[in-house]
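The values are calculated or read from the model by the stated rules, or taken from the named source; none is laboratory data. Computed from a predicted structure; not experimentally measured. Backbone-built Cβ (ideal geometry, glycine too); neighbour counts: all protein chains shown.
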Amino acid sequence: MNKIVFLFPGQGSQYTGMGKDLHENHAEVRALFQEASETTAMNMTDLCFNCPDEVLKLTENAQPAVALVNAACLSVLKKEGIAPHAAAGHSLGEYTALYAAGAMAFGTMMDLVKKRAVFMQEAAVKNPGSMVAVIGLEAKRVATICKEALPAGYVAPANFNTPLQTILTGEANGIEKAVELLKKAGARMVIPLKVSGAWHSKFMVVAGERMRAALAAADINRVELPVVANATAGLVSAPEEIREALERQVSAPVLWSASMRRLIDDGFTTFVEVGPGKVLKGLMREIARNATAYNVENTGTLSKFLAANKARNCPTCEETR
């Protein structure tokens, strides 16, 4: 049996126009946009379709927008009769993964995501920081170098994306020293990221603490299918486990590579990135080259995936990989 995992992207995958063709062609997507606008008191169609990048990329805008488009892509897959056997989401995407698994209603997800965005941005204003992507150096070596750079300033791994791609987070001085050491150690590339805060760092603990109250008040249910949590690369199922995972994931590193290995070891074979962009599809190629990965973000990629899924008894359809 082919076991499908839906993967949901996070902040950074947004782009102007995302979800527009799905909105034009699917009534269920239009209904989601309407409900999201009412829940968040934001004009989500204008935000997703018309706002320039410098507005859309703001944390308080990007997070609700990405969560909505993730859910929109999910809705068209469900309409086509495609259901996942497990789910995972990268950082913000974990909320949509839990929504897909039945842990919360759509309105609850959007309300929590809006609060998360505000809490994170306010924490970033109080403790400014930055992030860089490190490519071509093993994760353990990168983590060791972060410790060596600490005397200069706080720096730590934020995302363990693949065995050879790690995102760092921290203060400017700590990041600067780490970059110097990483280049000396042979990192192939060190790329500054255009972010407005040191996400997944100790500076976000206060945001997690503020989320605790919001999560306690939210209606959260036991999941209906396996969901792998970012902070542990383990499964969460009960409501209290979910609340704890969502509070913790704001400040803890994203164990993405370990999460994907966990799913592969559990027998999952096909991974579908559901939402804007194809970053997670690309990461899967680096984590497990034998895994089959697709992305669904618009009518074109939806059609390609449906055709490949229909022909699943054939070898993988290379045009969608």
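What to note about this one:
- Candidate set: segment 261-280, residues that are part of a helix (DSSP H, G or I) and surrounded by fewer than 19 Cβ atoms within 10 Å (Cβ to Cβ); chosen: the one nearest to the chain's Cα centre (by Cα): Val279
- All positions within segment 111-141 that are among the acidic types (Asp, Glu) and part of a loop (DSSP other than H, G, I, E, B): Glu138
- Enumeration of residues in segment 199-218 that are assigned to a helix (DSSP H, G or I), of a type outside the set (Lys, Arg) and over 17 Å from the mean Cα position of the chain (by Cα): Phe203, Val205, Val206, Ala207, Glu209, Met211, Ala213, Ala214, Leu215, Ala216, Ala217
- From the options Thr144, Thr108, Thr166, residue that is at pLDDT 95 or above and either small (Gly, Ala, Ser) or outside any helix (DSSP H, G or I) (or both): Thr166
- Among the residues of segment 149-159, those that are assigned to a helix (DSSP H, G or I) and either touching a helix residue (DSSP H, G or I) at 6+ places or on another chain (Cβ under 6 Å) or crowded, with 20+ Cβ neighbours inside 10 Å (or both) comprise Ala149, Ala152.
- Those residues of segment 118-155 which are over 21 Å from Val250 (Cα atoms) and of a type in the set (Asp, Glu), in sequence order: Glu138, Glu148
- Of all residue pairs spaced 6 or more apart or on separate chains, those with beta-carbon atoms under 9 Å, a first member in segment 137-153 that is in contact (Cβ under 8 Å) with a residue 40 or more places away in the chain and basic (Lys, Arg) and a second member that is surrounded by fewer than 16 Cβ atoms within 10 Å (Cβ to Cβ) and part of a loop (DSSP other than H, G, I, E, B) are Arg141/Gly186.
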